[in-house]
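In what follows, a structure is listed as structure tokens, so that the remarks can point back to it.
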Amino acid sequence: MKKLSVKIWMLLLVFITTTIVFLVIFTNFLYEELYVQHTEATMKEVAENLQRTYDGGVVTDDFIKQTEDYNRFSDMEVFTVRNPRELSACLPFDIDYDTLIGAEERVELINGNALTKRGYEKRFDREVVSVIYPLVDENRLEGIIYIYVPLTKIAEMASSDVLFLIAIVSLLLICLAYISLKSLQRVLKPLAILNEAALDMAAGKYDTRVKVESQDEVGDLAQSFNQMATSIQQEDDKKRNFLSVVSHELRTPISYIKGYGEAFEQNLIPEEKKPEIYNLIVREANRMQKLTNDLLTVARSETLEEVETGPLVLAETIREVIQLVKPIANEKEITFAISIDEETILCVDEQKTKQVLINILENAIRYSSNMSKIVISNKTMKKETIIQITDEGCGIEKEHLPHITERFYRVNKARSRSDGGTGLGLSIAAQLVDVQNGKLAFESEVGKGTTVYITLPIWEDLFE
């Protein structure tokens with residue numbers, strides 16, 4: 001397959017060649033149609049002027065001399081003869097009268113009609129254009145005015161310079177081809193650089209960037225490529241970080257379970273320590289199970305394209321979720337204050353909405369102090385309702401708020417493993433809210449607590 005630069009260069013070369021050929025043809029057309037016609041018109045004008053000076057009767061020697069004198073001031077050959085057969089005496093050729101003026105043409109002249117001839121004359125051995133005007137008196141052909149110009153005059157002039165013209169045209173063609181080739185190489189060079197950069201990206205070199213040197217479409221393409229490369233690099237970094245964190249999270253419980261399992265196998269655990277070790281193994285196994293379940297939920301939410309929505313009573317759903325999280329809330333003696341509009345009906349996916357509420361309430365319980373309170377309320381507007389969940393926990397610093405829905409992001413990394421969190425709860429909640437055309441927002445003040453705002457569409461909006 002030919003390169004794009006070669007194809008464009010060949011196209012330009014064909015265009016230039018076609019243009020030159022057209023100019024040659026057009027120039028020849030101008031010569032034929034304009035110069036020759038102009039020459040004919042000039043000769044006719046001269047012949048008519050000379051014809052008007054003829055007073056009739058026998059053509060005098062003075063009239064013949066007058067026309068011959070005209071030759072000194074003109075490039076045309078002008079002759080006047082009494083008998084057309086005498087025309088040969090006025091020319092430096094042995095002319096056969098019947099070759100120049102045939103019988104039919106003689107009839108036309110006798111009738112007073114002028115003749116115009118263009119073409120090859122055998123006796124002249126050249127291309128000529130000629131006009132013949134009769135000098136008629138009482139239906140008698142007393143003489144003729146014969147004017148001619150060799151058409152080969154210009155061709156002969158051009159032939160002497162034909163090699164020079166060919167050389168000039170060839171040089172022009174070569175120069176244009178060279179300039180177009182260099183211009184194409186300059187224009188297409190950024191595309192070649194982009195191609196190499198794309199191959200580097202395909203090979204895994206995500207830090208590849210190209211230099212933007214122009215403000216045209218190629219420059220825009222280079223800028224778009226850099227933006228794409230940055231996005232891919234960021235996603236690759238997130239993937240690497242994700243795998244690293246998952247490996248780290250799984251390694252600790254696996255190490256516990258493997259180590260204590262081998263200790264049990266070798267009877268190295270005293271009887272009085274066995275219940276404690278059993279509890280630790282179960283706790284770590286539960287944490288592994290929760291982590292894998294959260295990872296599965298993340299994977300499913302990322303590939304989710306459609307959500308099956310239906311009517312869902314908010315107050316009833318809140319009560320069901322509280323019953324699910326109440327055991328862990330009771331461990332810290334946390335109470336719930338519920339103020340939910342009983343008539344609010346959501347247009348959402350039931351399971352996904354419950355998962356969102358569970359994740360947020362578990363997170364609120366986890367970071368709330370003992371014997372504190374969690375307040376749950378909602379405010380319904382025309383097309384949506386805002387669920388507000390407020391805890392009395394430790395709060396979150398402002399610089400952390402934009403990142404708390406990122407995977408494995410923990411504000412207090414020192415407490416991460418002790419409090420049992422996986423760092424995926426809020427990330428899953430944000431994704432599940434987003435696929436239901438909702439919004440998730442946070443407000444927090446260190447030492448006073450955090451408020452989560454969950455905005456979801458209501459069912460009544462579908463019937464408006």
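Could you pull out the pairs from 379/439; 352/439; 274/326; 274/332 whose alpha carbons sit more than 19 Å apart here? List each step's numbers first, then the result.
Details: 379/439 14 Å; 352/439 14 Å; 274/326 29 Å; 274/332 27 Å.
Table pairs above 19 Å Cα-Cα are 274/326; 274/332.
For residue 211, give me every one of the lysines with a C-alpha distance below 16 angstrom, ignoring sequence neighbours fewer than eight places off in its own chain.
Correct list for residue 211: 189.
Rolling a 1.4 angstrom probe over the protein chains, ignoring ligands and nucleic acids, what is the accessible area of residue 129 in square angstrom, nearest 10?
Looks like 0 Å² after rounding.
So for each of 195-207, 395-407 I average, over its residues, the number of other beta carbons within 10 Å; can you give me the resulting order with the highest mean first? Intermediate values should be presented prior to the final figure.
Working: 195-207: 12.7, 395-407: 14.8.
Packing order, densest peptide first, comes out as 395-407, 195-207.
Count the net charge of all other residues whose Cβ sits under 14 Å from the Cβ of residue 260, scoring Lys and Arg as +1 and Asp and Glu as -1. List each step's numbers first, then the result.
Values: positive: 258, 273, 274, 283; negative: 262, 265, 276, 284.
That works out to 0.
Between residue 175 and residue 140, with labels modelled 7 Å along Cα→Cβ, what's the label distance in nm to one decimal, could you check?
Spacing of the two 7 Å Cα→Cβ label points: 6.8 nm.
Below 11 angstrom from the Cβ of residue 269, what's the summed charge of the other residues (Lys, Arg +1; Asp, Glu -1)? All intermediate terms of the calculation are to be shown ahead of the outcome.
Values: positive: 273, 274; negative: 262, 265, 271, 272, 276.
After counting each charged neighbour, the total is -3.
When the chain is fully extended, how far beyond the present Cα-Cα distance does residue 15 get from residue 437, taking 0.36 nm per residue of separation? Can you show the working numbers first?
Values: separation 422, 0.36 × 422 = 151.92 nm, distance 5.68 nm.
Full-extension gain reported as 146.2 nm.
The values are calculated or read from the model by the stated rules, or taken from the named source; none is laboratory data. Predicted, not measured: the structure shown is a model, and the values here were computed from it. Glycine gets a Cβ as well: all are built from the backbone with ideal geometry, and neighbour counts include every protein chain shown. Remember, those area values only see protein heavy atoms, side chains included, never the ligands or the DNA or RNA. Shrake-Rupley method; radii C 1.70, N 1.55, O 1.52, S 1.80 Å.
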